[in-house]
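I have placed the structure first, in the form of C-alpha cells, so that the comments after it can refer back to it.
The values are calculated or read from the model by the stated rules, or taken from the named source; none is laboratory data. Model, not experiment: these values are computed from the prediction. Cβ coordinates were reconstructed from backbone atoms using ideal geometry, including for glycine residues, and neighbour counts include every protein chain displayed. The area values use the complete protein model at the heavy-atom level, side chains included, leaving out ligands, DNA and RNA. Shrake-Rupley method; radii C 1.70, N 1.55, O 1.52, S 1.80 Å.
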Amino acid sequence: MRVGPKPQGLVGRKRGALCLLVSRLVLTVSAPAEVRRRVLRPVRSWMDRETLALADRHFRGLGCGVPGVGQAPGRVAFVSEPGAFSYADFVRGFLLPNLPCVFSSAFTQGWGSRRRWVTPAGRPDFDHLLRTYGDVVVPVANCGVQEYNSNPKEHMPLRDYITYWKEYIEGGYSSPRGCLYLKDWHLCRDFPVEDVFTLPVYFSSDWLNEFWDALDVDDYRFVYAGPAGSWSPFHADIFRSFSWSVNVCGRKKWLLFPPGQEEALRDRHGNLPYDVTSPALCDTHLHPRSQLAGPPLEITQEAGEMVFVPSGWHHQVHNLDDTISINHNWVNGFNLANMWRFLQQELCAVQEEVSEWRDSMPDWHHHCQVIMRSCSGINFEEFYHFLKVIAEKRLLVLREAAAEDGAGLGFEQAAFDAGRITEVLASLVAHPSFQRVDTSAFSLRPKELLQQLREAVDAAVAP
C-alpha cells in the first residue's frame, strides 16, 4: 500500500526531515477496482514487431547505462494530428530518447471532462462540479507556504474549495488564506466517475496503475484544479516515472530540466531549489554551481493540450489561468531501469541518514527498508512484488502465445516487457540489501521468477 501524503523520497531533502515524514504517515483506501477499469480501459493495440526490434536494439546498446541524461533540445516537439501519429512514432521519437512533447487538443476533443467541466467561455464550470462532486473531500495545498520542497495540505469538501476559488477571483486573485491549489485528487479511485477521459494509446502501457488496480488499493491518476497563480514547486515525478498532463481548461507554463541538469541547481548544502524562478539562484555563495545550469525548456500548454514529461526530468509548473488538469504517473519497460536506479539511490540516502546506528541497532538493514518505504512509498520487497504482478501477466501471454488479452496487451508488448523486467529483476536479486530480505513466505521466490522469465524471453526470440 502506498502511504500519503504523496511521497517525494529522501534524495535532495534536508537532513532531519526523516522523523517528521515518518510521523505523518496515513493509510489510503480506494474505490472498487472494477469502477476504475470500466472508466479507464485503455485503447487496444500497442507494440508491433518492428517497434519491438527497435526497442530491443536500443536497450542492448545501452547495456547497464541509464537513458535520458544530457542537454535539453532547443524546442519541444508538437504533435498535431492523431491520425498521423502512431504508438511506434511515440516510441521512436520520445520514449526511447526520453524527450518531452506536446499533443494538440485534437487528441482530447472527445473527452467528457472537456465537454462537462468547462463553460462555453472556456472557464471551469463550477456549477457542474458542485452538482457532481460537491461533497467529495479533496486535498488542497497552500502555494504560499513552503514545507521542505513542497506545500502543506489540508482536506476539505470540494464545495468549500470552490467557494474559496470564487472568492479568490472576486478579490482580484488574492485572499487572506493565500493561494490554495487542489492537488493529487484521486477522482478516478474514490468516485464512480462519469465519462471523464479516454486513455491515449501512447500511455496504455502503465505498470504503476496496473499494479495498484490489481491490489485494489491505490492509483497514480490525479486531478489538479486551481486559480491563476497557483503552482507546483520544482520536483521530479515519483519513482522517476513518466507523466502526462492534460489541461481540461486553462493554460500552464512548464519549466523543464533534463536529467542531470538539476545537480547544478543544488545549494551549498546539497538541497534542490524550491523555486527555480527565485532570485536566490543567482547568489553564487548559496548556489555555487547555478551558472553551470542551462536555461529550462519552457512550454506554454493551452487548453486541451497534452504534455508528456519524460522520466527524471525535473520541472516546475505555473497555472496562467484558472485551470483544471488530469495527470497520470506511469512506469513501464522504457523507464523501469530509471525507477530501479532511483530506488537504489533512495536506500543509500536512508542508510547514510541512519548510519550512526548501524552497529548498535538490531536489524539495521530491515529498519532501513522500513524507513525507505515510509519516505518513498516503496521498498525493495514491494518493488519485487510490483515486478512479480506485471511479470506474471506477461508470462501468461507469452506461454499461451496469444495475440492479445482482454486488456489490449499483445505478444510483442509482452515480450518487450518481460525482457525489461528480466534485466532489472536480475539486478535486484543480486543486490546485497535484497538478499537480506526474507523471501521464504513469497508465493514465488525471486530466483524462480527470474528463471521463468529468462526461459520465456528465450522462447519468444527463438526463430
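Tell me the carbon and sulfur percent of the accessible area for the chain, rounded to whole percent, probe radius 1.4 Å. Numbers along the way, then the final one.
Numbers: 10300 of 19800 Å².
With neighbouring chains kept in place, the figure for the chain is 52 percent.
Can you run phi through the Karplus equation (6.51, -1.76, 1.60; θ = phi - 60°) for segment 377-388 and list ³J(HN,Hα) in whole Hz, with x for Gly and Pro?
Values, residue by residue: x, 6, 10, 5, 5, 5, 4, 4, 5, 4, 4, 5 Hz.
Of all DSSP beta bridges located in the chain, what percent are antiparallel, nearest 5? Before the final figure, lay out each step's value.
Numbers: 49 of 52 bridges.
Around 95 percent of the beta bridges assigned by DSSP in the chain are antiparallel ones.
Taking the Cβ-Cβ separation of Leu54 and Leu292 as r and a Förster radius of 41 Å, what is the calculated FRET efficiency to the nearest 0.05?
After rounding, the FRET efficiency stands at 0.75.
Quick one: Cα centre-to-centre distance for segment 79-136 and segment 300-348, in angstrom?
If we compute the Cα centre of each part, the gap is 15 Å.
So how far apart, in nm, are the two label points at Thr163 and Ala441 if each is 7 Å from Cα heading toward Cβ?
4.7 nm
What ³J(HN,Hα) values, in whole Hz, does the Karplus curve 6.51 cos²θ - 1.76 cosθ + 1.60 give for segment 168-180 when θ = phi - 60°, with x put for Gly and Pro?
5, 5, 4, x, x, 6, 8, 7, x, 7, x, 9, 9
Quick one: if you stick a label point 7 Å off each Cα along the C-beta vector at Leu320 and Thr198, how many nm between them?
Inter-label distance under the simple model: 2.8 nm.
Rounded to two decimals, what is the ratio between the C-alpha radius of gyration of the chain and 2.2 N^0.38 Å?
0.97
What shape does segment 335-461 have by the C-alpha gyration tensor, where a ≥ b ≥ c are the square roots of the eigenvalues, rounded means a/c under 1.5, and otherwise prolate means a/b greater than b/c and oblate the rest? Let's see the in-between values first.
Values: a/c = 2.83, a/b = 2.35, b/c = 1.20.
Note, shape of segment 335-461 comes out prolate.
Taking the solvent-accessible surface of protein heavy atoms with a 1.4 Å probe, what is the per residue accessible area of segment 130-284 in Å²? Spell out each step's value before the answer.
Working: 5390 Å² over 155 residues.
Here the residues of segment 130-284 average 35 Å² of exposed surface.
Could you order Phe308, Phe85 so the one with the most accessible surface comes first? Probe is 1.4 Å. Spell out each step's value before the answer.
Numbers: Phe308 0, Phe85 35 Å².
Largest to smallest exposure gives the sequence Phe85, Phe308.
Tell me the label-point distance for the pair Ala88, Arg123, using the 7 Å Cα-to-Cβ offset, in nm and rounded to one decimal.
Those two pseudo-labels are separated by 4.7 nm.
Any idea what log10 I(q)/I(0) is at q = 0.17 Å⁻¹ for segment 107-330, Debye with uniform C-alpha scatterers and no solvent?
After summing over all Cα pairs, the log10 values are -1.32.
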